[in-house]
Amino acid sequence: MTTHVKGHEWLKGVKLLSVLLAVLIWLSVILERPGEMLLVLPVHLHRMPAGLKLDGAAPAEVEVVVSGPRIVLFLLPLRQTRCDIDLAGAQPGQQQISMRDAEFNLDPEIKVMHVAPATASFVLADK
């Protein structure tokens, strides 16, 4: 009788392990599939030339639609992601910057699909 009870417990363990393995395989397949996500990112102006200042307001945030593996997208909100606009070499006056040229410091597997607004407008003036 003890052999029958041990065999039955072993069989339950194998069934549980099989179900667990099936769930893990299913999760890996689902999370590797491509997906899209909308992000609202703060805009950060950096490398402002000496002697210039921002005259008025710059865009505070930008909406970005990104695509990539779902597991990477799932982890994206945990990162400090922002929209960096490089102003090195900027001159005084009205600035029109294409948001596609901005740096989003995203994982290389993630692709930017759409950015709104498409351009940022602001004015730089002498200090």
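Would you confirm, using the coordinates I've provided, whether residue 74 is in contact with a strand residue (DSSP E or B) (Cβ under 6 Å, 6 or more places away or on another chain), touching a residue at least 40 places away in the same chain (Cβ under 8 Å), surrounded by 12 or more Cβ atoms within 10 Å (Cβ to Cβ) and aromatic (Phe, Trp, Tyr)?
Numbers: in contact with a strand residue (DSSP E or B) (Cβ under 6 Å, 6 or more places away or on another chain): no; touching a residue at least 40 places away in the same chain (Cβ under 8 Å): yes; surrounded by 12 or more Cβ atoms within 10 Å (Cβ to Cβ): yes; aromatic (Phe, Trp, Tyr): yes.
Considered against the rule, which asks whether it is in contact with a strand residue (DSSP E or B) (Cβ under 6 Å, 6 or more places away or on another chain), touching a residue at least 40 places away in the same chain (Cβ under 8 Å), surrounded by 12 or more Cβ atoms within 10 Å (Cβ to Cβ) and aromatic (Phe, Trp, Tyr), residue 74 comes out as no.
Residue 103 - would you say it is within 30 Å of residue 27 (Cα to Cα) and either open to solvent by less than 20 Å² (accessible area, probe 1.4 Å) or among the charged types (D, E, K, R) (or both)?
So residue 103 does not fit the description; no.
For segment 106-117, which positions are outside any loop (DSSP other than H, G, I, E, B) and either surrounded by fewer than 18 Cβ atoms within 10 Å (Cβ to Cβ) or over 16 Å from the mean Cα position of the chain (by Cα) (or both)? Step through it out loud before you land on a result.
Keep residues of segment 106-117 that are outside any loop (DSSP other than H, G, I, E, B), which gives 111-116.
Within segment 106-117, 111, 112, 113, 114, 116 meet the criteria.
Here's the yes/no breakdown for (1) open to solvent by 60 Å² or more (accessible area, probe 1.4 Å); (2) under 17 Å from residue 108 (Cα atoms); (3) at pLDDT below 85:
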{"site": "32", "(1), (2), (3)": "yes, yes, yes"}
{"site": "50", "(1), (2), (3)": "yes, no, no"}
{"site": "69", "(1), (2), (3)": "no, yes, no"}
{"site": "79", "(1), (2), (3)": "yes, yes, no"}
{"site": "83", "(1), (2), (3)": "no, yes, no"}
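Return yes when residue 41 is closer than 12 Å to residue 106 by Cβ, out of contact with any helix residue (DSSP H, G or I) (no Cβ under 9 Å at 6 or more places or on another chain) and open to solvent by less than 80 Å² (accessible area, probe 1.4 Å) and no when it is not. Spell out how you get there, then give the answer.
Details: closer than 12 Å to residue 106 by Cβ: yes; out of contact with any helix residue (DSSP H, G or I) (no Cβ under 9 Å at 6 or more places or on another chain): yes; open to solvent by less than 80 Å² (accessible area, probe 1.4 Å): yes.
So residue 41 passes the test.
Given (1) modelled with pLDDT under 90; (2) closer than 30 Å to residue 117 by Cα; (3) surrounded by 10 or more Cβ atoms within 10 Å (Cβ to Cβ), where does residue 11 come up short, assuming only one miss?
(2)
The values are calculated or read from the model by the stated rules, or taken from the named source; none is laboratory data. Just so we're clear, the structure is a prediction, and the values are computed from it rather than from any experiment. Ideal geometry is used to build each Cβ from the backbone, glycine not excepted, and the neighbour counts take in all protein chains shown. Protein only, heavy atoms only, side chains kept; ligands, DNA and RNA dropped before computing areas. Shrake-Rupley method; radii C 1.70, N 1.55, O 1.52, S 1.80 Å.
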